[in-house]
Structure formats: C-alpha cells, structure tokens
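Computed from the coordinates by the stated procedures, all read-outs in this text should not be read as laboratory data. Please read these numbers as outputs of a predicted model, since none were measured by experiment. Cβ placement follows ideal geometry from the backbone for every residue including glycine, while neighbour counts extend to all protein chains displayed.
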Amino acid sequence: MNFEKAYKWLVKEGRKEYLLKDNYKENKYLFFKSAKQGFIFEQNRFRENSISEETFLIKDIEEDLEVNITKKIFLKHNSKFYHFKTLLFDEEKEKFYKCILPSHPKLFDFLGVIEEEKLSINISKSKKVLVVVKENYDNDSYSKKRLTIKTYGRVTLKAFKHIVNSIILSLGYLTGSFLRGEKFYFQSDNLDFSEVEFLFRNSQENILSYLKPISNNIKGSYDRFIDHNTSLEKFNSKITTKQFEVLVNKVFNEKIFYLSLSLIRDTVVSGVLTRPIILYPAFESLCKTINQRKINEKDKILKEYRCLEILKRYKDEISQEDFLSIKDALKPINTPVYQNTFIRLGQEISEEDRKVFCLRNKLLHGSFTTKTSNRISNESDIVELNLLYLSYYYHIYTLISRIILQEIGFKGYVIQQHQLRKNMTNQNDLEEKLFIEIK
C-alpha cells in the first residue's frame with residue numbers, strides 16, 4: 001500500500017463490520033473507526049473476555065488490510081483501542097519515516113515568515129529532517145493544517161520518535177501549544193514512500209498554555225495587561241530558524257532540556273500550588289548545568305584585570321558599595337548558587353530574583369505560608385496562598401526561559417510573566433521590568 005492510500009484509510013471515519021481474529025477464531029464486529037481516537041467498539045455482544053490476548057488482529061475486508069491492535073481503554077458501553085499498526089511494521093530496523101499530526105494555525109509565528117512553509121533541521125550532525133508547517137493531502141477538511149516531520153535518511157523508530165517529541169516540545173515551549181493528539185507514523189524502505197507500513201497512536205488531548213517566553217506581537221497578545229501609554233514595538237522578538245534548530249538539538253541531546261520543557265508542559269494541567277514546586281527542580285538543574293562548566297581562563301583574567309583597573313583608578317575615592325561589587329565579580333565562579341548562573345550569563349539580577357533564589361526549601365519541603373501569615377486558617381488564606389504560588393510559578397518560568405533562550409543564542413526581550421500578570425496574582429507591589437533583554 002502506498003502512502004496516499006494508507007493515509008486516506010487512516011483519516012476516513014465511519015461504522016462498518018470488521019473481521020476480528022483472535023486465537024484462531026474469526027468473528028465480525030461492528031465498530032466506529034475514528035481518525036482521532038482509533039477504533040471504538042459499540043455493540044453489546046462484544047465483551048472483553050471475547051479477546052484472549054492483549055493484542056489482536058482486525059481485517060478491513062473491503063481494503064484487504066490487517067492491523068494489529070493494542071492498548072485498550074474500557075468504557076461503560078464501549079471500548080476504545082487507540083494504538084494499532086500494520087502487521088509488517090518494523091520497530092527495530094532503520095527505515096525512512098514520516099510522522100503526521102494535527103497542527104495549530106499559529107504554531108510557527110515565533111519564526112516570522114517561513115519560505116514555502118518548510119524548514120530543514122539537522123539533528124546531531126548525522127540526522128536531518130524536513131518539517132512541513134502546513135501540508136494538505138486531499139480535500140477532506142479533517143486533513144488540512146497537518147504538521148509533517150519527515151526523515152532524509154534511515155533511522156530507527158525509537159530515534160525518530162525522540163526527534164518528533166523533541167520538535168513538539170520545542171514548538172510547545174515557544175508557542176504554548178503542546179501537540180499531544182493523534183499521530184500517524186509511516187515507514188518505508190524508499191524515500192518516496194511508494195510502499196509503507198504505518199502505526200497509529202493517540203494518548204491524550206493537546207495541551208494549550210497561555211505562557212510564551214517571547215512574542216513578536218506584544219501589543220496584540222498582551223494589550224489588556226499593559227499600560228496603553230507604554231511603547232511596545234521595540235520589545236517584539238523573534239526566534240531565528242538556526243536558534244530553533246539549536247533548541248531542538250538541545251532537547252534531543254541533553255536530558256535536562258528535555259525534562260525542563262516536559263515539566264513546563266506538565267505544569268499547565270497541574271494544580272496552582274504544585275506548579276512552582278514542579279518547575280523549581282528544572283530551574284535548579286539548569287543552573288547547575290551552567291555552573292559546572294569550566295569558565296574560560298582568559299575571560300576570567302580579563303574580568304579580574306578590568307576590576308583591578310577600576311580599583312587603581314579610584315583608589316582614593318572608591319566607596320564601600322563599589323568595593324563589594326568588585327569583590328562579587330572576583331569571587332569563585334564555580335560556587336553552585338543560582339545567582340552565579342546569571343552572573344556567568346551576564347544577565348542582571350533583581351531583588352525579586354534573589355527572593356526566588358531563596359524559595360527552594362520552602363517549595364520543596366512543603367512550607368505553605370503566605371506573606372502575611374504562617375498559618376492557613378480560612379478560605380481567604382487559601383486564596384492568598386494560591387495567588388502567591390501562581391506568582392512564584394510565573395517568576396520561575398521566566399528565570400528558566402532566560403537561561404534556555406540565552407543558551408540557544410537568542411537576542412531580544414524575554415517577557416517577565418510575574419510582572420506582566422501581577423494584578424492577576426494580587427502582587428501589586430511588584431516593580432520589576434516588564435521585559436528583560438538578552439544581549
């Protein structure tokens with residue numbers, strides 16, 4: 001079966017009888033085939049004990065096509081089977097792969113204009129994939145606005161899934177839209193996909209977050225949060241295709257980046273009190289990754305030299321404050337504290353940042369206290385606590401973003417989410433910058 005025929009079979013929906021083969025028995029059952037959810041059995045005479053194995057075969061008699069079905073969801077009146085593959089689908093050998101999944105209309109807005117709505121991404125120097133932003137396969141409305149990820153060379157299914165997940169996580173972080181719906185995997189021994197085997201899987205619905213680290217349309221996206229007298233145009237920022245490629249590679253190759261973006265995704269569906277608790281380990285691990293790098297000895301000497309020049313120049317009139325600043329710049333940089341991460345990155349640190357640096361034990365050891373009380377005794381205390389932890393969450397997200405974006409070579413403005421949403425979290429006394437520039 002070629003790619004076009006296989007794809008049309010996958011997206012075609014409807015009820016009809018299929019032949020179920022299990023333990024040398026064959027029975028016809030009526031079920032609904034969904035392009036999103038897989039197979040749904042909807043008849044009373046079907047019982048789970050009719051199937052003796054965890055996997056079984058069904059055959060589309062009209063198309064002469066057999067698929068192997070696994071992973072069941074049992075409901076009261078029907079059963080959903082949301083994972084299946086053709087019989088010859090090979091999960092071990094290297095093949096050419098193509099993955100197709102539903103897209104989002106603004107999924108690539110952070111890149112600006114993409115020529116021909118396609119971009120190539122090199123993965124770990126030895127792998128290369130083509131990402132097609134919007135691809136229409138036929139006139140069926142359901143098949144429009146599909147994201148396609150296709151390999152140029154042969155890879156294993158395990159490697160290809162990791163590539164796909166790395167791209168999806170990177171896109172989700174930059175846009176707030178984490179794609180987690182149905183995925184169609186096609187494999188072939190030739191690059192034109194004239195003969196394919198396929199795998200279908202769907203675990204859950206997409207996750208949509210309202211948080212994005214940057215925006216190329218600040219006024220349009222955040223007008224209701226910002227004073228209308230503020231000039232916003234200069235704060236619009238974009239990611240280049242090269243920076244996006246670097247991010248995908250970091251997610252693909254470095255566990256801490258993969259886990260950090262996964263945790264950012266997972267906080268969207270978690271409770272407000274748990275969000276900063278989930279994110280803080282990611283923040284700490286990123287800081288440790290930066291701090292453990294050996295500093296360039298030449299840069300260290302130059303920094304010391306400049307500081308000594310200041311001392312020499314203002315020897316007789318230097319203030320205590322200047323002295324402490326110079327001392328801070330010359331202190332051992334390998335000290336594993338959060339502040340040194342941002343010193344190494346050359347980013348400014350505010351007093352509010354320092355307060356968040358001190359939250360580790362409070363968040364990770366369950367010290368639930370508000371700014372006004374150490375005791376939670378009524379509903380208003382719970383509301384206050386939720387708003388405070390929501391502000392912590394926004395601030396930790398911003399700090400993580402400042403690290404990640406600088407690591408991929410981004411130059412521009414990062415949105416300080418805790419400052420942007422201070423009225424929402426009732427932290428009206430915050431006087432932070434609305435945007436932090438990464439130079």
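At a glance:
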read-out: Pairwise centroid distance, computed over Cα atoms, of region 232-274 with region 356-415, Å; value: 18
read-out: Sparse-neighbour loop sites [GluC sites (Glu not before Pro); region 352-439; at most 14 other C-beta within 10 Å; DSSP]; value: E431
read-out: Which listed pairs, of K127/K242; K80/K150; K93/K125; K127/K250; K36/K80; K5/K158, have C-alpha distances above 18 Å, in listed order; value: K80/K150; K93/K125; K5/K158
read-out: Cβ-based exposure ranking for S120, S285, in which fewest neighbours within 10 Å come first; value: S120, S285
